[in-house]
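Just so it is clear, none of the values below were taken in a lab; they were calculated from the coordinates. Only a predicted model underlies this, so the values are computations on that prediction, with no experimental measurement involved. Methodologically, a virtual Cβ is constructed for each residue, glycine included, from the backbone with ideal geometry; neighbour enumeration extends over all protein chains shown.
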Amino acid sequence: MRRKLAAGNWKMNGALSAMAEVQAICDAHPAPGVDLLLCPPATLIWPMASMRGSHPMAVGAQDCHMAAKGAHTGDIAAPMLREAGATHAIVGHSERRADHGETSATVRAKAEAAHAAGMTAVVCIGETLEDREAGRTLDVVGTQIAASAPDGATAANTVVAYEPVWAIGTGKVPTLRQIGEVHAFLRAKLVARLDDEGTGIRLLYGGSVKASNAAEIFAVDDVDGALVGGASLTCADFSPIISALE
Ligand code: PEP
């Protein structure tokens, strides 16, 4: 039985003044049935990880470098993020694939670095609108999952987030049938490659999840939660999404 996961990706938003909002999110969710993860900018990992709400909340990074240390100005290694309190690292978000030219091989190396540091990698994949319209969605996500997820992926150290690029921050969402088709396809790929661990890995949907569409998306088979961007920034927006998983 996979536990549900509500994960928030704050992207390049948030300041120390947002800690009260985080406290509110934690305190609003004492229910034990849902795991909660917030991934703030790196500057907020330590203060967020030091907070204690009534609901245990994991804190994650939005990226990590593939090396454990070295001459990589501006980058942050997974062991450093772990030391700051992050237990998870998002890798391969489409904004990083696009803005920083990250390939699936890079993403896989980053996921391996997260694992080596004792962290859970949240591996993101998803098709562009062009891929979708050309009927290439399953080919694209199949290739991405094969190349981005490490061989050592387990239910404990890996989460996969299916995020259609065209749905991120746009207010557009695939149909429930489309989401179900991709999640069933990804589940089959994970099981074929990783056996029981593939059954246990949580598959999140991400892309314009909000209070009004969360419950119907979460009712789709093999949707084990969500990776939420904009709607994870405030307790008012994120709480109903978490509640829809309970
Ligand atoms: C995301 O950034 O991963 C995301 C899904 O964003 P949004 O929820 O704002 O579409």
Along the positive direction of the dipole of the chain (beta-carbon charges: Lys, Arg +1; Asp, Glu -1; about the Cα centre), which of 180, 18, 105 reaches farthest? 18
Full extension between residue 172 and residue 105 adds, at 0.36 nm per residue less the Cα distance, a length in nm of 21.3 nm
Once both labels are modelled 7 Å past Cα along the beta-carbon direction, what's the residue 46-residue 196 spacing in nm? 4.1
Over the range 4-245, what lengths in whole Å, largest first, do the semi-axes of the equivalent ellipsoid take, defined as the square roots of 5 times the eigenvalues of the alpha-carbon gyration tensor? 25, 22, 16
HN-Hα J couplings of the range 120-129 from phi, Karplus 6.51/-1.76/1.60, θ = phi - 60°, integer Hz, Gly and Pro as x? 8, 8, 9, 8, 9, 9, x, 8, 7, 5
Roughly how far apart, in whole Å, are the Cα centres of the range 141-184 and the range 2-25? 21
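Where in the chain are the helices, taken as whole DSSP H runs, whose Cα atoms extend 24 angstrom or more along the long axis and whose Kyte-Doolittle mean reaches at least -1.0? Kindly include the intermediate steps, with their values, before the conclusion.
Working: long enough: 176-194 (26 Å, 0.44).
Those that pass (Cα extent of 24 Å or more, hydropathy at least -1.0) are 176-194.
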Please turn the phi angles of the range 66-81 into ³J(HN,Hα) values with the Karplus equation 6.51 cos²θ - 1.76 cosθ + 1.60 (θ = phi - 60°), one per residue in order, whole Hz, x for glycine and proline. 7, 9, 7, 6, x, 7, 9, 4, x, 8, 10, 7, 4, x, 5, 5
